[in-house]
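**Student:** Here it is: the structure, laid out below.
The values are calculated or read from the model by the stated rules, or taken from the named source; none is laboratory data. Computed from a predicted model, the values in this text were never measured in an experiment. Quick reminder, even Gly has a Cβ in these numbers, built from the backbone with ideal geometry, and neighbours come from all protein chains shown. The area values use the complete protein model at the heavy-atom level, side chains included, leaving out ligands, DNA and RNA. Shrake-Rupley method; radii C 1.70, N 1.55, O 1.52, S 1.80 Å.
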Amino acid sequence: MSYELLRLIWWALLGILLIAFAVTDGFDLGSAVLLPYVARNDNERRQVINTIGPVWEGNQVWFVLGGGAIFAAWPALYAASFSGFYLAMFAVLAALIFRPLSIVYRSKLADPRWRSWWDGTFFVTGIIPSLVFGVAFGNLFLGVPFGFDVELRFHSEITLLSLLRPFPLLTGVMSLSMLMLHGATWLSLKTDSAVSARAKAAIPYLAGTFIIVFVLSGIWLLALDGYVITSRLSHDAVSNPMLKTVILVPRGWLSNAGLHPALWLAPLLALGGAFAAILLRNRPLLSFIGSALACAATIATAGLALFPFLLPSSSEPNASLTVWDASSSKLTLEIMLGAVLIFLPLILAYTGWVYRVMRGPVQVRDFSGDPGAY
Amino acid sequence: MDIVLLSRLQFAITALYHFLFVPLTLGLSLILLITECVYVMTGRAIWRDITKFWGTLFGINFAMGVATGITMEFQFGTNWAYYAHYVGDVFGAPLAIEGLMAFFLEATLVGLFFFGWERLSKVGHLVVTAGVAIGSNFSALWILIANGWMQFPVGAKFNPDTMRMEVSDFMAVLFNPVAQDKFVHTVAAGYVTGSVFVLAISALYLLQKRHRPLALRSMTVAASFGLASALCVIVLGDESGYTASVNQKMKIAAIEAMWNTEPAPASFTLIGVPDLKGRKTDYAIKIPWVLGLITTRTVDKQVPGIDDLVKLADTRIRSGRIAYDTLTKLRNDRRNAALRAQLDEHVGDLGYALLLKRFRPDVEHASEADIAKAAQSTIPNVPVLFWSFRLMVACGFWFVLLFGTAFYLSATRRLARYRWFLVAALLSLPLPWLAAELGWVVAEYGRQPWVIEGVLPTALGVSSTSSGNVLFSLLGFVLFYSGLAVADLYLMVKYIRLGPDQTLGHPVAAPRDMVAA
């Protein structure tokens, strides 16, 4: 297999992992953000938490695996993004540290102060990653200031405040509304009575917000300058990001869609999924599939527009990380692809089995008598 | 403050903290599998209750392990960006495969362990428990393959075009002898931790004269499982000593506080007081031959002392400088074959030239004094290693004695008879954690000044972020982790006090037979 094809596959796999994370853990995050609104008493709150109780841990591994895959397949991207977005990463990490405990520890004691503290924590650990991921994606389109020295030591001038620019803030709202929508369709599917009804009632508002923000960001993107590689960069070049030239051109992010009009399908599917979530909200499973589609297609839209860029540099554009010069060696990509081909089908099989065993809405009697429940 | 110091401090604190939860997860997951197997085979409900009770404590601990484990993965990127770039091609792969093969399995199935009792058949639930145990153990395997490569970087080559280490032989990385020994040593230490945990809490119940049927049965399982594991830890610890002597001679010499090369076979210093200034060990009690036998498996090979190893480092620094200079020239003349050949000849010592950077950023101008300082810097902290190692080993032998006694008492059905034994078992509760943390210190602090032995000095691995960022996150972790430690301990103590009847919401199923006592 050629180095070029391996890099393309690993770029696609990176997208697939992010999509799997958004589609599965996305409803965990969304449900957490919706907790204060959909659940009004302790039993209702437990109902929400127990819908994700048996599955959140597996869902979160998509993120852990995403991190591992970037480390193994795109080490330069891993080094640059984690150390460059230092404080944003720390905020996400803090959320991921507290979230497991707010789920598992909350109902282990009956004290209402203990429980309400963990409920507050649960809400915050849902809202932080949902916003940060959106803001981070927005920043990819603007580029962030970084470069490498001759020994390929990464340096950057990124600060937390410098990431909070208008366009990334808008994409942050997009990601928050998208994941809240996904949480709402999940809760509508996985609970009964009052919680389900409140979640269902929220769907049109959340999907509406998502659709408006998605279209606005799209129009804004038309006006943004995009990065383009101007030197010849062989697709099986050595992974050294300092050997090419890159410039900013007006409307540069539309060049991929201009070359391949079929790519317009991705944003259309994102909007279609959100509309389906609204129109089919009386059929919760289909509505959930609609919001899952919206999550998947939104990430695909961003990835396809950025291609072949992974992380553009605004201060030293030539140092931008791309699919063709930021990957691992050919041998590592091959070995890792082999591992994916063996284990990904297994993961999908047992994950599917777990969801099947836990199918059906969560009811109060499911957890009231079970000391193991959350 | 110095970013290298802050980053190392953060890594040490978060790794040591994470490693409070990992060994218990490893050990308890297998003990749960054993007790549930007994339940499925005998059909006796008490074994289900035993599994569920220890399972509750397992769950409290597991959540902390997951929460603190993510920190470790993030940290390689946030605080050790140059490390991530320099060795990600090799080191990233086992971490990613850990996620694919092990962590996914364990995390996906652990939900069904708690939520699946009513929804699954007996065998179905047993399969879930087995999946969790297999997942957590394989997780340890891949993490230790990654760690083993840091101790003994086999199967990889430096690539001057990408300025990083790249895999050349993945099978060598996978079957790294250091990784294999470390894996068995570490998981067995985890099994000991789980066994001591179950043994100590059961002993507490027997001392309090409550939950006797559950406590006796749990102790029986812990005694035999613990004895086998404690023996395993020692055998594989010895084997680790042997493999370390192949490529980490300095670590061995530092653990032994052995300044001078002794005539073979070297004697083992049982105890003594290392004197750094005088470069000798006072009041040493030595056992002839033992060190030579452990580390070389012969009676005629020498074990090199610290002073000789520093001389060796000096030679390698000089050779490494040639590699470094060639690399600089090659950067401006990428196609020059003669330069590439010259680099190939010395590239194995490139890491030693990088040691100079701490004393002289422009390596090409390093003086004789800089070289001498860099060579001296290859000596790790001798007293810390000397004492950590001895304390860890003492704990290890204590576990053999403890479980040997427990096994004998359980075989003769006298587990509950002797108060002294129950008190000893209870008081041993903190020891496996102490031993595990000391083991981390010996393995990782003993690797200094290298982050990848002989390849990349720790000081170079850090990110180019501000030290303010690292200090801020360090303070954040200290704050978060202290709070979470309180919550975790509070819940553990609370559920141990409540005991199985109240934890399960029903009295533990009446046993049809009683273990005679």
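**Student:** Please find, among B:154, B:178, B:184, the residue that is of a type outside the set (S, T, N, Q), closer than 14 Å to residue B:247 by Cβ and in a helix (DSSP H, G or I).
**Tutor:** The conditions single out B:178.
**Student:** While we're on this one: Just checking, how many residues over segment A:82-108 are part of a helix (DSSP H, G or I) and more than 7 Å from chain B (Cβ to nearest Cβ)?
**Tutor:** Total meeting the criteria: 11.
**Student:** Could you go through segment A:73-80 and let me know if any residue there is at the interface with another protein chain (Cβ under 10 Å from one of its Cβ atoms) and either under 23 Å from residue A:180 (Cβ atoms) or not in a helix (DSSP H, G or I) (or both).
**Tutor:** Yes: segment A:73-80 contains one or more residues that are at the interface with another protein chain (Cβ under 10 Å from one of its Cβ atoms) and either under 23 Å from residue A:180 (Cβ atoms) or not in a helix (DSSP H, G or I) (or both).
**Student:** Of a type in the set (Phe, Trp, Tyr) and within 23 Å of residue B:153 (Cβ to Cβ) - does that describe any residue in segment B:351-363?
**Tutor:** Among the residues of segment B:351-363, at least one is of a type in the set (Phe, Trp, Tyr) and within 23 Å of residue B:153 (Cβ to Cβ), which makes the answer yes.
**Student:** Would you mind finding the one in B:347, B:363, B:310 that is surrounded by 16 or more Cβ atoms within 10 Å (Cβ to Cβ) and in contact with a strand residue (DSSP E or B) (Cβ under 6 Å, 6 or more places away or on another chain)?
**Tutor:** Only one candidate passes the filter, namely B:347.
**Student:** Tell me whether segment B:424-444 contains one or more residues that are of a type in the set (Val, Ile, Thr), touching a helix residue (DSSP H, G or I) at 6+ places or on another chain (Cβ under 9 Å) and within 14 Å of chain A (Cβ to nearest Cβ).
**Tutor:** Looking for residues that are of a type in the set (Val, Ile, Thr), touching a helix residue (DSSP H, G or I) at 6+ places or on another chain (Cβ under 9 Å) and within 14 Å of chain A (Cβ to nearest Cβ), one finds none in segment B:424-444, hence no.
**Student:** Quick test of your reading of the structure: residue A:64 fulfils all but one of (1) touching a residue at least 24 places away in the same chain (Cβ under 8 Å); (2) at the interface with chain B (Cβ under 7 Å from one of its Cβ atoms); (3) open to solvent by 10 Å² or more (accessible area, probe 1.4 Å). Name the failing condition by number.
**Tutor:** Exception for residue A:64: condition (1).
**Student:** Which of the residues that make up segment B:9-38 are of a type in the set (A, V, I, L, M) and open to solvent by 40 Å² or more (accessible area, probe 1.4 Å)?
**Tutor:** Passing the criteria: B:9, B:13, B:16, B:20, B:34.
**Student:** Still on this structure, please answer the following. Is it fair to say residue A:116 is small (Gly, Ala, Ser), more than 10 Å from chain B (Cβ to nearest Cβ) and touching a residue at least 24 places away in the same chain (Cβ under 8 Å)?
**Tutor:** For residue A:116, the condition - small (Gly, Ala, Ser), more than 10 Å from chain B (Cβ to nearest Cβ) and touching a residue at least 24 places away in the same chain (Cβ under 8 Å) - is not met.
**Student:** For residue B:166, work out the one condition from (1) outside any helix (DSSP H, G or I); (2) acidic (Asp, Glu); (3) away from chain A (no Cβ under 14 Å) it doesn't fulfil.
**Tutor:** If we test residue B:166 against (1) outside any helix (DSSP H, G or I); (2) acidic (Asp, Glu); (3) away from chain A (no Cβ under 14 Å), just (3) comes out false.
**Student:** Test residue B:189 against the stated conditions and say whether it is open to solvent by 10 Å² or more (accessible area, probe 1.4 Å) and either part of a loop (DSSP other than H, G, I, E, B) or within 30 Å of residue B:426 (Cα to Cα) (or both).
**Tutor:** yes
**Student:** When only residues in segment A:23-43 that are farther than 24 Å from residue B:113 by Cβ and open to solvent by less than 30 Å² (accessible area, probe 1.4 Å) count, which is nearest to the chain's Cα centre (by Cα)?
**Tutor:** A:26
**Student:** Additional query: Restricting to segment B:257-267, what's the tally of residues that are at pLDDT 85 or above and farther than 10 Å from residue B:309 by Cα?
**Tutor:** Counting residues in segment B:257-267 that are at pLDDT 85 or above and farther than 10 Å from residue B:309 by Cα gives 2.
**Student:** Moving on. Among the candidates B:102, B:84, B:96, B:107, which residue alone is at the interface with chain A (Cβ under 7 Å from one of its Cβ atoms), within 20 Å of the chain's Cα centre (by Cα) and assigned to a helix (DSSP H, G or I)?
**Tutor:** None of the others qualify; the one that does is B:96.
**Student:** Looking at (1) in contact (Cβ under 8 Å) with a residue 60 or more places away in the chain; (2) buried (at least 17 other Cβ atoms within 10 Å of the Cβ); (3) in a helix (DSSP H, G or I), can you tell me which one residue B:383 breaks?
**Tutor:** That leaves (2) as the condition not met.
**Student:** Between a residue in segment A:332-358 that is facing chain B (nearest Cβ under 7 Å) and any residue that is outside any helix (DSSP H, G or I), which pairs come within a Cβ distance under 6 Å, given they are 6 or more apart or on different chains?
**Tutor:** Correct list of pairs: A:332/B:167; A:357/B:119; A:358/A:54.
**Student:** Which condition breaks for residue A:183 when tested against (1) modelled with pLDDT under 95; (2) surrounded by 23 or more Cβ atoms within 10 Å (Cβ to Cβ)?
**Tutor:** Unmet for residue A:183, out of (1) modelled with pLDDT under 95; (2) surrounded by 23 or more Cβ atoms within 10 Å (Cβ to Cβ): (1).
**Student:** Taking the criterion of being within 25 Å of residue B:58 (Cα to Cα), out of contact with any helix residue (DSSP H, G or I) (no Cβ under 6 Å at 6 or more places or on another chain) and acidic (Asp, Glu), would at least one residue in segment A:136-154 satisfy it?
**Tutor:** No: segment A:136-154 contains no residue that is within 25 Å of residue B:58 (Cα to Cα), out of contact with any helix residue (DSSP H, G or I) (no Cβ under 6 Å at 6 or more places or on another chain) and acidic (Asp, Glu).
**Student:** Can you tell me how many residues in segment B:467-482 are at the interface with chain A (Cβ under 8 Å from one of its Cβ atoms) and touching a residue at least 40 places away in the same chain (Cβ under 8 Å)?
**Tutor:** Matching residues across segment B:467-482 total 1.
**Student:** Take the conditions under 15 Å from the mean Cα position of the chain (by Cα) and open to solvent by less than 20 Å² (accessible area, probe 1.4 Å) and apply them to residue A:147. Does it pass?
**Tutor:** No.
**Student:** I would also like to ask the following. Tell me which residues, restricted to segment B:483-500, are more than 11 Å from chain A (Cβ to nearest Cβ) and open to solvent by 60 Å² or more (accessible area, probe 1.4 Å).
**Tutor:** Hits for segment B:483-500 are B:486, B:489, B:493, B:497.
**Student:** Let me ask something else. Only residues that are under 24 Å from residue A:267 (Cβ atoms) and among the charged types (D, E, K, R): list them for segment A:203-243, please.
**Tutor:** Across segment A:203-243, the qualifying residue is only A:225.
**Student:** Given the conditions (1) assigned to a helix (DSSP H, G or I); (2) at pLDDT below 95; (3) open to solvent by 10 Å² or more (accessible area, probe 1.4 Å), report the number of the one that residue B:119 does not fulfil.
**Tutor:** Only one criterion in (1) assigned to a helix (DSSP H, G or I); (2) at pLDDT below 95; (3) open to solvent by 10 Å² or more (accessible area, probe 1.4 Å) is unmet by residue B:119, namely (1).
**Student:** Which one of these does residue A:69 not meet: (1) more than 16 Å from residue A:130 (Cβ to Cβ); (2) buried (at least 24 other Cβ atoms within 10 Å of the Cβ); (3) more than 15 Å from the chain's Cα centre (by Cα)?
**Tutor:** Evaluating residue A:69 over (1) more than 16 Å from residue A:130 (Cβ to Cβ); (2) buried (at least 24 other Cβ atoms within 10 Å of the Cβ); (3) more than 15 Å from the chain's Cα centre (by Cα) leaves (3) as the failure.
**Student:** Looking only at segment B:45-74, which residues are open to solvent by 10 Å² or more (accessible area, probe 1.4 Å) and more than 10 Å from chain A (Cβ to nearest Cβ)?
**Tutor:** B:45, B:47, B:48, B:72
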